[in-house]
1. Quickly run through segment 350-360 and pick out the residues that are closer than 20 Å to residue 489 by Cβ and surrounded by fewer than 20 Cβ atoms within 10 Å (Cβ to Cβ).
2. Has segment 367-378 got at least one residue that is within 16 Å of the ligand (Cβ to nearest atom) and under 23 Å from residue 271 (Cβ atoms)?
3. What are the residues in segment 314-345 that are within 9 Å of the ligand (Cβ to nearest atom) and out of contact with any strand residue (DSSP E or B) (no Cβ under 7 Å at 6 or more places or on another chain), if any?
4. Report whether or not residue 290 is modelled with pLDDT under 95 and within 11 Å of the ligand (Cβ to nearest atom).
5. In segment 436-445, how many are surrounded by 19 or more Cβ atoms within 10 Å (Cβ to Cβ) and closer than 16 Å to residue 346 by Cβ?
6. Please work out if residue 364 is within 16 Å of the ligand (Cβ to nearest atom) and within 23 Å of residue 428 (Cα to Cα).
7. Could you count how many residues in segment 155-190 are assigned to a loop (DSSP other than H, G, I, E, B) and closer than 18 Å to residue 233 by Cβ?
8. Scan the strands (runs of 3 or more DSSP E) fully inside segment 36-131 and keep the ones with 2 or more residues being within 22 Å of residue 142 (Cα to Cα) and more than 28 Å from the chain's Cα centre (by Cα).
Ligand SMILES: [Zn+2]
């Protein structure tokens, strides 16, 4: 998943955590061949019952905003327990059969974040359970869009976001990252619409409205995905392509031109891409995050369509997840940095290989700024700034901070700086290869690192100071910095402007998105309205088509009360659903005495946002 900034959520969760005790103390997860690891975010007993294969048969009803059907699980009751326990969240269970015979299921009490455990009586030899069910109004994974909320405005759209623990709100399942299974699906949708999943996908609409899917590589539940809408496809090369709403497909195809080459470059770095096709789906504007690494089909925000391919490092990130995350998976959400830190490192290496070092260095530096901001927000001594997290009794989304992403990536960068590229690349390639389709804990990774890279070199171990990174707070003293050559030039230009040089005379030729971002981010906290006006006249930030730059500019406009940007900001907030952009803007309005403005804009556009974005913005605008 691409990073976003849930700092406000992280603070709230501290309050939320007081009242949430997981119902079961004996919950655990396990896969075919990995050791059992306690995962407190599933109430399933997949450590006792092997979940082998899921066959879904579901119908998507836009009028009722409901998914209904059956989930058939092939199981191996290896420990001969009398009950199979699965996760559900706001699901209605209509009936359950075990090997074709109806059985009496029970739903446990609702547990905050986790939902209701579904208990199904099974026998030692039970091979298959079938659960007939439908989704509820509070299905956190689902966003149902009315036609007017799509780019095309003519047809409704549905998509899912299952990470971290939302798959259980649309499929009864054992919902932990350490539990993998294969799946097949039959999905019925209104005629004229296309359905896609994290599986082998159709490339065009058929007449029946019934689509069949097959995923023969075992995946965890958080990688279950579905999208339904007026969607078209265009190929990029023989194994890559892009899907988007029909009226967006040409723009998307243009933006994704380099993706085929990107997959080849990633393979050169860290070994073969093992998932067959690599396609991407550009979602309607309400998608709450940057991207989601659903296997075979990355879901991504339309805000990366900048018209100039300048924001494609987001795709590099999601592609990299096909090694770190999808192939080698964090065992629990406490080990989330193993998914995201590795992916950010891989993403930057991939971006460097696709562009040049100075370009990737800018991303490292902006990432460092993000990390410092996260440290400020979380508190430098907070346990939430450790790489290894403790999310017991909390929503795993609380762990989605820049700590996992940027501190995690920086730790790998530190190793690279100490052992050299050749050694870290050989190490990572071997790591991906030897842990392919397995899950891994932080402790298992550290053992592997010791055995395969450090190898008793105590001087190296001392230089790395691993404990400080993994089990300690803040940014460790040995944190590396990227080369700042390009940003130093930007600093000089900014200073010249602040010293009185007219904006239109500044030397900004050939600046990339990242130079512009750095230019704006490091402006004084409150720039006076005259300076804002001068910058806008010279560089047209208010009307920028680049969402990263526009968002930064609107935050500055709110701080400076630069009203000329407000109509465009209002429009931006109506069409963008990505939390990374929404949260800082609403937060800044609330912080600077513009609560009425924040609330009235939010009231207008709340329905355009995904339920997860609504949850976080609800909290932001409710503050005094
Ligand atoms: Zn990610």
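The values are calculated or read from the model by the stated rules, or taken from the named source; none is laboratory data. For clarity, every value in this text was computed on a predicted model and none was experimentally measured. All Cβ positions, even for glycine, are placed from backbone atoms using ideal geometry, and neighbour counts span all protein chains on display.
1. 352, 355, 356, 357, 358, 359
2. First, the residues of segment 367-378 that are within 16 Å of the ligand (Cβ to nearest atom): 367, 370-371, 374.
Among the residues that remain, those that are also under 23 Å from residue 271 (Cβ atoms) are: none.
No.
3. Applying the first criterion (within 9 Å of the ligand (Cβ to nearest atom)) to segment 314-345 yields 317-318, 320-321, 324-325, 339-340, 343-344.
Selection gives 320, 321, 324, 325, 340, 344.
4. Answer is yes for this residue.
5. Taking segment 436-445 as the starting set, the residues that turn out to be surrounded by 19 or more Cβ atoms within 10 Å (Cβ to Cβ) are 439-442, 445.
Remaining after also requiring closer than 16 Å to residue 346 by Cβ: 440, 445.
Number satisfying all stated conditions: 2.
6. Numbers: within 16 Å of the ligand (Cβ to nearest atom): no; within 23 Å of residue 428 (Cα to Cα): yes.
No.
7. So in segment 155-190, the residues assigned to a loop (DSSP other than H, G, I, E, B) come out as 155-156, 161-166, 170-172, 174-179, 189-190.
Among the residues that remain, those that are also closer than 18 Å to residue 233 by Cβ are: 155, 189.
The qualifying residues number 2.
8. Details: elements: 50-61, 66-76, 83-88, 91-98, 101-103, 116-121.
In segment 36-131, the matching strands (runs of 3 or more DSSP E) lie at 91-98.
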